[in-house]
Structure formats: structure tokens, C-alpha cells
Amino acid sequence: MIALYFAFTPYFQGIENVKENPELFFKSVNSTLIFMGLGISFSSLQDTTKTQNKLSKKIWEHPVKGKMMILFMCFMIVFLLLFGLIGYYKATQGVIKDISIGTIVLGLGMLGLLKAAVEMFEHHRKDKNKD
């Protein structure tokens, strides 16, 4: 919810204000990324023995779909962390350095979600678990 607030803050303040002061927009994007990473890391505290809905149940029960989802999450984490680390070390100061910090936090939050996804895949896959 906090990430949504920061995502829509530039629109609530008015586009004219953002045009005059563009660093407010990027500050808001950085806060959005940080709180998204924090929220995603808290979502990894869920019970991995249960699924939330039918779509996630279909994905985690199917061996190929589960592996594809885990690979997709891995590639996304690697991209976010590489983008964040390269931006952080290449930029001396400014907008790129700030957004890089938010991107790194989002990637680290996704690591916890990846751990939960692997556990869900192990608990729910049909080919290994014959219930």
C-alpha cells in the first residue's frame, strides 16, 4: 500500500509540479521500488504448504510450469541486481544512483520470494509427491 502511495504521488501533486521539479518524480520512483522490495520480502513469510489461488496451484503442481516460473524469477532477480549494482557503481551521484538503490532492494526482496517459490514447488509438484 505504501508503494502504491509513492507510485501515484507525482500524479496527485500535479503534472505541472513534476515538470518544474523532475527530481521529485525520481525520488518517488525510488521510494516505490524500496517499499515494493520490502513488501515482496514480507510475502515470503507465507505458509508454503498452501497455495493462495487456483492459478498458483496449477503452476506449482505442474513440473515444467514450476521450473519455468522459478527460472523466470531467477532471471528477473539477476537483471534487477545487475542493473542496480552497475548503476550504483557507475553513477557518481544523482537520479541513477538513487534509483539503483531501490532496484537493489527490490532484487533482494525477490530473493526471499524465490526461496518461498522453490519451497512451494517442492511441496506441490505432482510428479514427486503422490498424495
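The values are calculated or read from the model by the stated rules, or taken from the named source; none is laboratory data. As the structure is a computational prediction, the values presented were derived from the model and not from experiment. Reconstructed Cβ throughout: ideal geometry from the backbone, glycine too, with neighbour counts over all protein chains shown.
Residues in the range 56-94 that are modelled with pLDDT under 85 and farther than 16 Å from Val118 by Cα: Thr92, Gln93, Gly94.
For first residues located in the range 58-76 and in contact (Cβ under 8 Å) with a residue 60 or more places away in the chain, partners that are surrounded by 15 or more Cβ atoms within 10 Å (Cβ to Cβ) and part of a helix (DSSP H, G or I) and lie 6+ apart or on another chain with Cβ distances below 7 Å form the pairs Trp60/Gly66; Trp60/Met120; Trp60/Phe121; Trp60/His124; Glu61/His124.
Which of the residues belonging to the range 92-131 are among the small types (Gly, Ala, Ser) and exposed (fewer than 15 other Cβ atoms within 10 Å of the Cβ)?
Going through the range 92-131, the residues among the small types (Gly, Ala, Ser) turn out to be 94, 100, 102, 107, 109, 112, 116-117.
The answer is Gly94, and nothing else.
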